[in-house]
Each structure stands twice: as structure tokens, then as C-alpha cells.
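Following: one structure in C-alpha cells, then a few remarks.
Just so it is clear, none of the values below were taken in a lab; they were calculated from the coordinates. If you're wondering where the values come from, they're calculated on a predicted model, not measured in any experiment. Quick reminder, even Gly has a Cβ in these numbers, built from the backbone with ideal geometry, and neighbours come from all protein chains shown.
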Amino acid sequence: MRFGNVTTRRPGNANPITLGIVFALIGGAIFFLFAWPPLQYANTSKSWPTVPGTITRSEVKVWKRDGNTHYEPDIAYSYTVEGKKYTSSRITVGDGSLDNNVSKAKRLQAEYPVDKEVNVYYDPDLPESAVLQPGTKSGDLMLAGISALFFFIGLLAVYQGVKAKRRAAEAKNSPNMA
């Protein structure tokens with residue numbers, strides 16, 4: 001399948017409307033398939049029930065990859081829901097991002113020392129899924145922001161392409177004033 005015509009298939013002559021539609025479709029698909037469901041889940045975590053829990057491990061993992069040193073807080077806790085004991089190591093609903101910021105990891109380690117009593121937020125439909133900090137975090141919004149950017153760039157390209165075609169058609173149809 002080939003898009004465009006002979007003129008638009010030449011390098012530098014891509015049709016902005018076609019490109020805009022492709023960008024908007026890719027951005028929209030990524031948003032609704034990969035960004036929106038985790039954002040909704042993270043947002044609902046704010047209304048999850050809470051139970052008391054106890055921090056059982058509080059460390060900072062350190063490792064090197066590709067010449068960079070990475071630091072990750074390794075916080076584990078136990079909690080009980082309806083008589084059944086669970087353990088978890090998730091701090092937030094979203095995946096913890098790799099970070100090379102030791103102060104951020106140490107801050108979380110200091111915030112959750114071993115034996116500290118904490119409120120544990122758990123998913124009532126899946127009690128083994130729990131967090132210490134509910135809700136969306138800035139890292140959760142990155143994929144949503146990037147996909148929305150693709151979508152809006154696509155819409156802008158479609159708009160500019162339609163506007164350019166309209167101007168070209170008006171110039172072609174108007175009598176020459178020479």
C-alpha cells in the first residue's frame with residue numbers, strides 16, 4: 001500500500017494531512033491503550049481502603065548499568081486484610097522509575113524505617129495489590145503527556161495541511177490581477 005501521489009512520495013514533499021492523521025492516530029492509540037488505564041488505576045487508589053502495616057525492610061539498592069549508577073529504594077511491608085497476611089514492596093501504584101538520584105532513594109528510606117507503623121492502601125478487589133502512597137505521580141503522567149503531544153501535533157499538522165490546500169485552491173480559482 002502506498003500513501004500519497006508521486007509528488008508527495010518524494011523526500012521533503014510529504015502530505016501534512018496524511019502525516020497529521022498518522023501522528024494523531026498513533027498518539028491517541030498509545031494514550032488510550034497504554035497511558036489511560038494505569039492513570040485510572042492510580043487515581044482510584046486514592047479511594048482504596050487502608051489497614052495498618054509495618055515496614056519490614058528499608059534499604060537502598062545500588063547497581064551499575066551502562067556506566068551509570070542507579071539507586072532504588074527497597075521498602076517492604078506487611079499488612080493484614082480480613083485475617084490474611086500480605087507483604088508488598090510497592091510504594092506507589094506506578095512502576096518505580098530507575099533513578100540515579102541517591103538523595104531521593106535515601107529520603108524514601110528515611111521516611112519508611114524498619115518497624116515503622118504505616119497506613120497501607122490496598123485494592124479491595126485484589127488485596128495483595130497495595131501501596132504506601134496512593135494516587136498518580138508525575139512519572140505516571142510522562143507516557144500520557146508524550147502520547148497527547150503526538151496527538152496534538154498530528155491535529156496541528158492536519159489543520160495546517162487543510163489550511164494550505166484551501167489557500168492553494170483559492171489562489172487557483174481567483175482571477176489573476178496583473
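Just a few scattered comments:
- Counting only DSSP beta bridges whose two residues both lie in the chain, roughly 95 percent are antiparallel.
- Values [x] 217; [y] 116; [z] 161 are given for comparison; volume of the Cα convex hull per residue in Å³, derived from the coordinates here, is the one labelled [x].
- Nearest-ten-degree value, helix 102-111 long axis tilted from longest Cα axis of the chain: 40
- Nitroxide proxy distance, nm - points 7 Å out along Cα→Cβ at residue 162 and residue 34: 2.8
- Local charge for residue 108 was computed over the other residues whose Cβ lies under 10 Å away, with Lys and Arg +1 and Asp and Glu -1, and equals 0.
- Residue with peak Gaussian network fluctuation, the chain [Cα springs, cutoff 10 Å], from 135, 145, 67: 67
- Estimated purely from DSSP H runs of n ≥ 4, each contributing -39500 (n - 2.57), the mean residue ellipticity at 222 nm for the chain is -13000 deg cm²/dmol once divided by its residues.
- Per-residue Cβ neighbour rank within 10 angstrom, fewest leading, 106, 84: 84, 106
- Checking the cross-link pairs 64/84; 46/84; 64/137; 84/106 against a 28 Å limit on the alpha carbon distance flags 64/84; 84/106 as lying beyond it.
- 0 to 90° range, to nearest 10: angle between helix 141-173 axis and the chain longest Cα axis: 10
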